[in-house]
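Next up is a structure, given as structure tokens.
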Amino acid sequence: AGDLGGAAAAFAANLASEDEGERYRAHNNLGSINAMQGRLEDAYHHFDEALTLARRNSNHLDVSATLNNLAASAERLGDYQRAERHFREGIALARRRGATRREAEMLVNLAVVHARQGRLGLAWNTTAEVEALAGELGDGRLAMRVAEQRGEVMRLCSDLAGALAELGEAARLAEGLRDERKRRALEAQALTVR
């Protein structure tokens with residue numbers, strides 16, 4: 001309902017719970033709320049606490065999801081080295097557990113980190129890995145993210161026509177997914193390229 005303050009207060013109360021599962025969820029949700037509000041250091045702290053609890057309870061899917069959140073927070077803070085380390089650990093864990101969709105999501109996020117560092121060859125190759133997994137899974141949302149990331153790499157390489165084509169494909173996929181917010185964001189990216 002948009003009451004982030006109320007949600008944060010409820011989750012903060014659960015930090016004192018004796019149930020580690022509840023504390024894990026509280027830290028994870030507080031991390032998300034802090035990230036939405038731009039308090040990135042606080043978000044990172046909560047995700048880090050959640051990771052400790054997930055590891056202690058050997059919940060591999062929770063560990064993988066929390067590593068993704070930690071990496072995204074580190075990336076927003078501009079700490080690309082730490083983001084990459086968290087993504088790589090999460091990807092390895094997802095592969096061991098056969099969680100292909102989680103692996104693909106983390107790989108595309110890693111491609112973004114590579115691109116932000118100017119490592120465009122790595123970004124392109126990592127995106128190609130995601131494309132193969134998206135095809136395997138028949139996942140339109142992943143295919144959309146692949147097209148978007150390809151467009152970004154092409155833009156950074158000054159291939160503006162290629163970037164527009166990829167962003168157009170991503171927008172077409174977003175429309176097929178009925179994701180109006182993402183479609184508009186992709187059209188805004190295309191306008192910037194134009």
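Go through segment 140-165 and count every residue that is of a type in the set (A, V, I, L, M, F, W, C) and buried (at least 20 other Cβ atoms within 10 Å of the Cβ).
Residues in segment 140-165 being of a type in the set (A, V, I, L, M, F, W, C) and buried (at least 20 other Cβ atoms within 10 Å of the Cβ): 8 in total.
Let me ask something additional. Is one or more of the residues making up segment 81-90 over 26 Å from Asn125 (Cα atoms) and of a type in the set (S, T, N, Q)?
No, there is no match, as no residue in segment 81-90 is over 26 Å from Asn125 (Cα atoms) and of a type in the set (S, T, N, Q).
The rows are residues; the columns are (1) touching a Ser or Thr at 6+ places or on another chain (Cβ under 9 Å); (2) within 30 Å of Val63 (Cβ to Cβ); (3) touching a residue at least 60 places away in the same chain (Cβ under 8 Å); (4) surrounded by fewer than 20 Cβ atoms within 10 Å (Cβ to Cβ).
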{"residue": "Leu107", "(1), (2), (3), (4)": "yes, yes, no, no"}
{"residue": "Ala123", "(1), (2), (3), (4)": "no, yes, no, no"}
{"residue": "Gly138", "(1), (2), (3), (4)": "no, yes, no, yes"}
{"residue": "Lys182", "(1), (2), (3), (4)": "no, yes, no, yes"}
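Picking from Ala65, Ala94, Ala72, which residue would you name as being in contact with a Lys or Arg (Cβ under 8 Å, 6 or more places away or on another chain), within 21 Å of Glu129 (Cα to Cα), open to solvent by 20 Å² or more (accessible area, probe 1.4 Å) and in a helix (DSSP H, G or I)?
Only one candidate passes the filter, namely Ala65.
Every residue, every condition in (1) of a type in the set (Lys, Arg); (2) modelled with pLDDT of 95 or more; (3) over 18 Å from Glu105 (Cβ atoms), yes or no:
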position: Glu148; (1), (2), (3): no, yes, no
position: Leu156; (1), (2), (3): no, yes, yes
position: Leu167; (1), (2), (3): no, yes, yes
position: Leu177; (1), (2), (3): no, yes, no
position: Arg184; (1), (2), (3): yes, yes, yes
position: Val193; (1), (2), (3): no, yes, yes
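Another question about this same structure. What do you reckon, is Gly31 touching a residue at least 24 places away in the same chain (Cβ under 8 Å) and either in contact with a Lys or Arg (Cβ under 7 Å, 6 or more places away or on another chain) or over 18 Å from Arg76 (Cβ atoms) (or both)?
No.
So that you can scan it fast, the table gives a plain yes or no per residue for (1) surrounded by fewer than 18 Cβ atoms within 10 Å (Cβ to Cβ); (2) in contact with a strand residue (DSSP E or B) (Cβ under 7 Å, 6 or more places away or on another chain); (3) of a type in the set (Lys, Arg); (4) touching a residue at least 24 places away in the same chain (Cβ under 8 Å):
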site: Arg88; (1), (2), (3), (4): yes, no, yes, no
site: Leu133; (1), (2), (3), (4): no, no, no, yes
site: Glu175; (1), (2), (3), (4): yes, no, no, no
site: Ala188; (1), (2), (3), (4): yes, no, no, no
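Which one is farthest from Arg55 (Cα to Cα), of the residues in segment 9-28 that are of a type in the set (A, V, I, L, M), open to solvent by 60 Å² or more (accessible area, probe 1.4 Å) and not in a loop (DSSP other than H, G, I, E, B)?
Ala9
Next question. Between Glu148, Glu129, Glu152, which is within 20 Å of Arg88 (Cβ to Cβ), touching a residue at least 12 places away in the same chain (Cβ under 8 Å) and of a type outside the set (A, V, I, L, M, F, W, C)?
Glu129
Return yes or no: is Thr192 part of a helix (DSSP H, G or I), of a type in the set (S, T, N, Q) and touching a residue at least 24 places away in the same chain (Cβ under 8 Å)?
So Thr192 does not fit the description; no.
The values are calculated or read from the model by the stated rules, or taken from the named source; none is laboratory data. The shown structure was predicted, so the numbers you read here are calculated from the model rather than taken from an experiment. In this analysis, Cβ positions are derived from the backbone assuming ideal geometry, glycine residues included, and neighbour counts consider all displayed protein chains. The protein model used for the area step is the full one, side chains on, heavy atoms only, and it has no ligands, DNA or RNA in it. Shrake-Rupley method; radii C 1.70, N 1.55, O 1.52, S 1.80 Å.
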